[in-house]
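The values are calculated or read from the model by the stated rules, or taken from the named source; none is laboratory data. Model, not experiment: these values are computed from the prediction. Positions of Cβ are generated from backbone atoms using ideal geometry, with glycine treated the same way; all protein chains shown enter the neighbour counts. Side chains included, ligands, DNA and RNA excluded: accessible areas come from the protein's heavy atoms. Shrake-Rupley method; radii C 1.70, N 1.55, O 1.52, S 1.80 Å.
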Amino acid sequence: MKIVIIGAGAIGANCAFRMAQKGAEVVVLEAVAPGSGTSSTSAAWLSSFPQFGWTESPGRARLRRTVHARFAALQAELGGDWLHWDGTLTRGLPSERAEFRKAFQLCQQRGADLEFLDAPAARRLAPGIVFGDDDEVVRDEHSGWVDAAALIALLLERTRALGGTVDTGRAVTGICREGGRVTGVSLADGEHVGADVIINAAGSWGCHVAAMAGVGIPLELVPGLVVFTEPKPLPVLSTVMNAPTFVIRPDPSGGVAIIWRGEKLTSIHGRNGPDVGMIMNDVTRVIPALAGVGIADARMGVRAIPPGGPVIGALPWLDNFYCAVSHGGIGWGPCWADLLAAEILDGRSSPDMADFLPQRFYHEPTEIGRFADDAEQLGTA
């Protein structure tokens, strides 16, 4: 079976490796360079708090609890130094105390191994971070972050070793259909590539790619500035810090990556910081050692957020055109690859995918103009 995968970000690279491993003829088509889209501007954070406490469908909740195990298995398969189980400290504000404690209890009840810390205990554990006297902190020791660039490069290297093809700088400009099937893609240079199956893993471009096949997939495109600092002689952070207005983690360069959201913990994506200086002022109040550190890069990422959650699967009337478009693609990538490989190559569909299928956009009203995960995190879904 020949499978064409459009997009070589985290989801596309995971799908390519898993399909090639199962014996498919895989062709990956990437318009720019592997991982150059949203995957390069992601928190790349793996955690169970506060995520296990979110209100979501039973299938999605079950799959969420498998994410860490899938990454551990993938690391055992691939080797390499791209997965860092450094733990996470999440700091709550006094104004969020009741909500913060409720989330802690829910996550524990749902299997998360967490520790609740008062301010003195948190200071002993992370002396470089400023905690207020009445702050409360949750420690998620079994969490961490992913070096997305290294993981994507390794997945594509293994795909090639298994006989797959990875073509970069090859923009897809059309998708060919015959009746109720797609038959291949057209490229910007005029070349046609035939396919038995096409997987749309184009991230923020996924709406446009789907439209080429006559498929309507709405996406919220949420921009966010990510700041990468220069390295320091001594590391300023040895864990992921999830603060009320930002997430910060170590970066492979020796500096840190800062994803600023500007809102309280119940909002994934709030206001954007107007400039790097303002973001750094906010961050250095919590981590003083970052004051005066140089900025290596600042990139605006565009997060692809399908209304109502991930879009994973095919339409009944176009059953060889699959979508794999999801917010949190680095964390979810191995999961979506496993599920799609089982369905496409083994004929086994997981019931947990039922809420992700694209036909929901054809028989349910789609609410556009909000962040897809707001209701989940606020407990109103």
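Side notes on the structure shown:
- The residue of region 139-157 that is farthest from Gly87 (Cα to Cα), among those that are surrounded by 17 or more Cβ atoms within 10 Å (Cβ to Cβ) and of a type in the set (D, E, K, R), is Asp147.
- Residue among Pro34, Pro50, Pro58 that alone is out of contact with any Lys or Arg (no Cβ under 8 Å at 6 or more places or on another chain), open to solvent by 60 Å² or more (accessible area, probe 1.4 Å) and not β-branched (Val, Ile, Thr): Pro58
- Strands (runs of 3 or more DSSP E) contained in region 98-183 and holding at least 1 residues free of Cβ contacts under 8 Å to residues at least 40 places away in the same chain: 115-118, 172-178
- Flag for Gly180 being open to solvent by 30 Å² or more (accessible area, probe 1.4 Å) and either at pLDDT below 95 or within 24 Å of the chain's Cα centre (by Cα) (or both): yes
- Among the residues here, Leu219 qualifies as within 19 Å of the chain's Cα centre (by Cα) and not small (Gly, Ala, Ser).
- Filter result for Gly308 (more than 23 Å from Ile199 (Cα to Cα), at pLDDT below 95, in a loop (DSSP other than H, G, I, E, B) and open to solvent by 20 Å² or more (accessible area, probe 1.4 Å)): no
- Scan of region 207-238 for residues that are open to solvent by less than 20 Å² (accessible area, probe 1.4 Å) and closer than 23 Å to His142 by Cα, ordered by number: Leu237
- Contact map, region 2-14: first residue within 13 Å of Ile152 (Cβ to Cβ), second residue open to solvent by less than 10 Å² (accessible area, probe 1.4 Å) and part of a strand (DSSP E or B), Cβ cut-off under 6 Å, separation 6 or more or different chains; pairs are Ile5/Val28; Ile5/Ile199; Ala8/Val28; Ile11/Ala324; Gly12/Ile5.
- Between Leu93, Leu63, the distinction of being closer than 30 Å to Glu136 by Cβ and buried (at least 23 other Cβ atoms within 10 Å of the Cβ) belongs to Leu63 only.
- The lone exception for Arg348 - which of (1) outside any helix (DSSP H, G or I); (2) open to solvent by 20 Å² or more (accessible area, probe 1.4 Å); (3) closer than 22 Å to Val215 by Cα it fails: (3)
- Look at region 320-342: where a residue is closer than 19 Å to Gln21 by Cα and a partner is in a strand (DSSP E or B) and aliphatic (A, V, I, L, M), sitting 6+ places away or on another chain with Cβ atoms under 6 Å, you get Tyr322/Ile199; Tyr322/Ala314; Ala324/Ile199; Ala324/Ile312; Trp336/Ile312; Trp336/Ala324.
- Pair list, Cβ under 8 Å, 6 or more apart: region 25-38 residue on the phi > 0 side of the Ramachandran plot, other residue open to solvent by 50 Å² or more (accessible area, probe 1.4 Å): Gly35/Ala149; Gly35/Ala153
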